[in-house]
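The values are calculated or read from the model by the stated rules, or taken from the named source; none is laboratory data. Everything numeric here is computed off the predicted structure, so don't read it as measured data. We place every Cβ from the backbone using ideal geometry, glycine too, and count neighbours over all the protein chains shown. All accessible areas refer to the heavy atoms of the entire protein, side chains included, with ligands and DNA or RNA removed. Shrake-Rupley method; radii C 1.70, N 1.55, O 1.52, S 1.80 Å.
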Amino acid sequence: MSSSTTTHTLPTKFSVIGAGQMGTGIAVVAAMNAKVPSVNIHDVFPSSIEKSKKFIESLLDKYVQKGTLTQQEKEIILGERLSFSSGTDLSPMADSQFVVEAATENTDLKLGLFKDLSELVHSKPSSSPTILATNTSSISITKIAAVAKDPTTIIGMHFMNPVPVMKLVELIRGLQTSDATYERTVQLAEAMQKTCTLSIKDSPGFIANRILMPYINEAVNVLHEGIATKEDIDKTMKLGTNVPMGPLTLADFIGLDTCLAIMRVLYTEFADSKYRPSPLLVKMVEAGWLGKKTGRGFYTY
Ligand code: CAA
């Protein structure tokens, strides 16, 4: 995908909603790589904000030790660029030119958030309205845009985990997304030193998860049918296709609940049996074996 030709102004205030792994990573990369002067991380839970702060401090310490970040730059990022807020009041985001939502993957929650956020930032007409991007991995951008006061400003900006390491940002245009919104999003993603791809159509799973999740699901089926051990399934794909992790290790890393939720979106939206979630994946989620985050998935951690 080629870079945009029109030059827009980069945001001076950028906000991220959701202080989980993804939101925290997005904020760090905006403050560190794009040098956005003001980056706010917002979460409903103060405990998530505390965890996010600790993670950022240790990550920046590691970069300083490795020599990829100076002590002075670390202090500027922590002391000047980054700020944190928590609670249900969205007003800390009111003066942002760009907001990325990285909250829980729940359609009703996202629709409510985008409606309220849009009321907050789009109440006055502007030649450069605030962009409201979502990091959703599977929910329709068009559906989210439909609840916004200015649907032209809504776009999918799908980062990969871990955000500071992974080069890709998958962009998704909803039916209503304007060219200016798309160009400004590409410009910011490139300033964050990411490479963009574009899902031209707002189709279930976009590009990455339309391909990745059926691959993971099939690996679970191969295990379920007793065709090979989990170790051999992973070894086959790791050594045979040169990927950093085999599919079952990757599923544990992503979270089996997330993998199942995305498979269910594909299965329901396409109404095609080829996307049927593996019965083993369903059972593992029922057992609460969600992968790395719960200490047990296909492997124990
Ligand atoms: N945040 C920041 N940096 C991190 C990190 C994190 N959460 N996790 C690992 N890293 C860094 C490490 O610090 C290390 O950095 P240096 O090389 O500078 O020391 C580097 O990544 C490598 O880490 P490790 O040596 O610990 O381990 P590794 O070599 O196995 O790499 C990995 C870890 C980067 C996660 C690698 O295994 C990998 O690329 N795995 C595949 C990840 C992947 O496919 N992600 C996409 C998932 S799909 C998705 O996100 C979308 C969706 O909608 C589901």
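Just checking, how many residues over the stretch 258-275 are away from the ligand (no atom under 14 Å from the Cβ) and either open to solvent by less than 40 Å² (accessible area, probe 1.4 Å) or touching a Phe, Trp or Tyr at 6+ places or on another chain (Cβ under 6 Å) (or both)?
Initial filter on the stretch 258-275 (away from the ligand (no atom under 14 Å from the Cβ)): 267-275.
Restricting the remaining residues to those that are either open to solvent by less than 40 Å² (accessible area, probe 1.4 Å) or touching a Phe, Trp or Tyr at 6+ places or on another chain (Cβ under 6 Å) (or both) gives 267, 275.
Residues that pass the stated criteria total 2.
Just checking, which of Tyr182, Tyr215 is within 15 Å of the ligand (Cβ to nearest atom) and either farther than 24 Å from Ser123 by Cα or out of contact with any His (no Cβ under 8 Å at 6 or more places or on another chain) (or both)?
Numbers: Tyr182 fails: within 15 Å of the ligand (Cβ to nearest atom).
Going through Tyr182, Tyr215 in turn, the sole match is Tyr215.
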Worksheet entry | the stretch 236-254, subset within 8 Å of the ligand (Cβ to nearest atom) and in a loop (DSSP other than H, G, I, E, B), residue nearest to Gly291 (Cα to Cα) | Met245
Worksheet item: Within the stretch 71-100, how many residues are open to solvent by 80 Å² or more (accessible area, probe 1.4 Å) and either in a strand (DSSP E or B) or free of Cβ contacts under 8 Å to residues at least 12 places away in the same chain (or both)?
Response: 4
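Only one of these is within 16 Å of the ligand (Cβ to nearest atom), aliphatic (A, V, I, L, M) and either in the same structural domain as Arg184 (by the TED database) or over 30 Å from Thr152 (Cβ atoms) (or both): Ile49, Ile77. Name it.
Numbers: Ile49 fails: within 16 Å of the ligand (Cβ to nearest atom).
Of the residues listed, the single one that is within 16 Å of the ligand (Cβ to nearest atom), aliphatic (A, V, I, L, M) and either in the same structural domain as Arg184 (by the TED database) or over 30 Å from Thr152 (Cβ atoms) (or both) is Ile77.
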Worksheet item: Hey, any hits in the stretch 250-257 for a residue that's over 26 Å from Tyr301 (Cβ atoms) and open to solvent by less than 50 Å² (accessible area, probe 1.4 Å)?
Response: no
Worksheet item: Is it the case that some residue within the stretch 26-35 is loosely packed, with under 12 Cβ neighbours inside 10 Å and assigned by the TED database to the domain that holds Thr152?
Response: no
